[in-house]
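These notes are about the structure you will find just below.
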Amino acid sequence: MSSPEHERRNGIRFPIKSELRWTVLNRKYGPLTGKGETVDFSSSGLSFRSDVPLTPGCRVELDVEWPVELDGRVPMKLIATGKVVRVQGHLVCISIEKKEFRTAGRRSNRSVA
């Protein structure tokens with residue numbers, strides 16, 4: 001049986017893999033951007049592998065390619081802001097403070113004929 005001390009997450013985690021771009025919002029950390037890939041999501045948190053490690057406590061904005069299209073044809077993205085709560089190497093975990101879905105520009109076709 002797991003106790004709250006061992007499991008701090010409140011929501012169910014969904015293992016969704018999507019590309020993302022991140023931007024550090026804290027002015028004291030300077031302008032910093034990067035990219036990564038999501039590991040999992042819940043309604044209140046997100047973890048991702050980053051191209052560079054981030055600092056716990058910093059605020060970030062994430063631009064995540066959403067894997068499902070609106071009406072099966074319009075690409076979507078999730079814009080989320082939150083605070084970095086844990087870092088283990090290049091694995092970054094954030095607590096989501098605000099999130100919204102937006103339509104995205106056309107995605108590039110990754111398969112080359």
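Listing for the model above:
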read-out: Ranked packing of 52-65, 69-82, most packed first, by mean Cβ within 10 Å; value: 52-65, 69-82
read-out: Carbon plus sulfur fraction of accessible area for the stretch 30-112, probe 1.4 Å, in percent; value: 50
read-out: Signed unit charges on C-beta, dipole axis of the stretch 22-67, positive-most listed residue T33, P56, S43; value: P56
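The values are calculated or read from the model by the stated rules, or taken from the named source; none is laboratory data. This one's a predicted model, so the numbers in the text were calculated from it and none came from an experiment. Ideal geometry is used to build each Cβ from the backbone, glycine not excepted, and the neighbour counts take in all protein chains shown. Side chains included, ligands, DNA and RNA excluded: accessible areas come from the protein's heavy atoms. Shrake-Rupley method; radii C 1.70, N 1.55, O 1.52, S 1.80 Å.
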